[in-house]
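Derivation of every value follows stated rules applied to the coordinates shown; laboratory data play no part. Computed from a predicted model, the values in this text were never measured in an experiment. Reconstructed Cβ throughout: ideal geometry from the backbone, glycine too, with neighbour counts over all protein chains shown.
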Amino acid sequence: MLGQLGDGAKLLAGGQSLIPLLKLRFANPDHLIDVNFIPGTSFIKEDSGSLRFGAMTRHAEIENSALAKKIPVLHDCANGIADVQVRNRGTIGGSLAEADPSGDWANALITLDTKVHCLGPNGARSVPLKDFIKDAYTTDLAHDELVTEVEVKLPPKNSGGAYLAFKRTAPVYPSASAAVQLTLAGDVCQEVAIALGCVGLTAIRAKDAESLLRGKSLDDKTIAAAAEASRAAADPQTDRRGSAEYKRALVVSLVKRAIHIAARRARGEQVEGVHLYA
């Protein structure tokens, strides 16, 4: 149908990104193709060392999934998206395909080994998430392709992650967010990924901050240095959610907290990740 109807057609999944755009007249498609009734598109399963999420899997399903809790950063993310009404309708595939720079999923998933599976007239293909999202609201999808599945490789032993966002209230987009995924060898950080959300046109990997932690013991001084390096990686714009400098300050605090939670989880502690509200 996408191929037949051309550029005037848009897919409708959960509608939590598209419907607001329609209301604001920022989008005006000639046709909406509702994919909610296609069987077999909503699932969570473990297969060959990976968790696989159907494109139409709702945020609430991931929030309540025992399998998803094997990767705490995913549970944190799903648990904190907007309010319960949005989580019951919004989908992981729709969120990634929309590529909203204020969205949550891309920021959490980019700290993991994530692939996006796509399907179109030329067949199926898989794209690493880092190559899938090109810019704000821009992905590697052709017009007549759609997301079918999101595949996330399970982290190794002694790994932990955390996703934190700062919001004025639950239903609104975050002013800033941070995702951390790390692996410990004893007390030393063996591997780490730090991603920043809502402070750029796409999720930002804080590479310099990661370098400051990799191969080091996670003491307060090292964590503080990594948080300050994350501030430098952020590229926010002043808007109604706060000034650019305010958002950079938020990044520092969120990264510190996320590193501490991720490290405790990597050591086997059961720690709740809680979003922060103004």
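Observations
- On Cα atoms only, tilt of 220-233 relative to the major axis of the chain in degrees: 40 degrees
- Segment 23-77: trypsin sites (Lys or Arg not before Pro) falling in loop per DSSP and having at most 16 other Cβ within 10 Å: ARG25
- Euclidean distance between Cα centres, segment 1-27 to segment 234-267, Å: 32 Å
- Label-to-label distance, nm, for residues given as ASP83 and ASN122 (7 Å Cα→Cβ offset): 4.4 nm
- Cα centroids of segment 192-209 and segment 31-70: 25 Å apart.
- In Hz, Karplus ³J(HN,Hα) per residue of segment 65-76 (6.51, -1.76, 1.60; θ = phi - 60°; x = Gly, Pro): 8, 5, 5, 4, 5, 5, 10, x, 4, 6, 4, 4
- Debye-formula intensities of the chain, expressed as log10 I(q)/I(0) at q = 0.08, 0.16 Å⁻¹, are -0.31, -1.24 (one equal scatterer per alpha-carbon, no solvent).
- For the listed peptides 256-267, 226-237, 27-38, 132-143, a ranking on the average number of other beta carbons within 10 Å per residue, highest first, reads 256-267, 226-237, 132-143, 27-38.
- Signed unit charges on C-beta, dipole axis of segment 143-242, positive-most listed residue VAL192, GLN181, ALA234: ALA234
- Between GLU149 and ALA55, HIS117, the built amide H atoms are under 5 Å apart, and every one of these is 5 or more places off in sequence or on another chain.
- Label-point gap, in nm, between VAL271 and ASP47 - each point 7 angstrom along Cα→Cβ: 3.4 nm
- Here the Gaussian network model covers the chain, with springs between Cα atoms less than 10 Å apart; of LEU24, LEU51, LEU154, LEU24 fluctuates the most.
- Mean separation of Cα contacts under 8 Å (6+ apart) over length of segment 159-277, as relative contact order %: 34 percent
- Cross-link partners of LYS256 among lysines (Cα-Cα below 30 Å; sequence separation of 8 or more within a chain): LYS69, LYS70, LYS115, LYS130, LYS134, LYS153, LYS157, LYS167, LYS207, LYS216, LYS221, LYS247
- What you get for the chain, charging only the Cβ of Lys and Arg (+1) and of Asp and Glu (-1), is a dipole of about 640 debye around the Cα centre.
- Evaluating 6.51 cos²θ - 1.76 cosθ + 1.60 at θ = phi - 60° for every residue in segment 43-55, the Karplus couplings come out as 6, 9, 8, 9, 8, 6, x, 9, 9, 10, 10, x, 4 Hz, glycine and proline recorded as x.
- Taking a straight Cα-Cα cut-off under 16 Å and skipping sequence neighbours fewer than 8 places away in the same chain, the lysines within cross-link reach of LYS23 are LYS10.
- Estimated 222 nm signal from helices in the chain, with DSSP H stretches of n ≥ 4 weighted -39500 (n - 2.57), rounded to 500: -9000 deg cm²/dmol
- Point-charge dipole on Cβ atoms (K/R +1, D/E -1) for segment 134-179, about Cα centre, debye to 20: 500 debye
- Top positive-direction residue, dipole computed over the chain with Cβ charges, set HIS59, GLY15, ALA27: HIS59
- Segment 138-155 - phi-based ³J(HN,Hα) in whole Hz, Karplus 6.51/-1.76/1.60, Gly and Pro as x: 9, 10, 7, 5, 6, 4, 9, 10, 9, 6, 10, 7, 10, 10, 10, 6, 5, x
- Assuming charge only on the beta carbon of Lys and Arg (+1) and of Asp and Glu (-1), the dipole of segment 107-262 about its Cα centre is about 460 debye to the nearest 20.
- Positive-end ranking of LEU250, HIS117, VAL84 along the dipole of the chain, with charges on Cβ about the Cα centre, is headed by LEU250.
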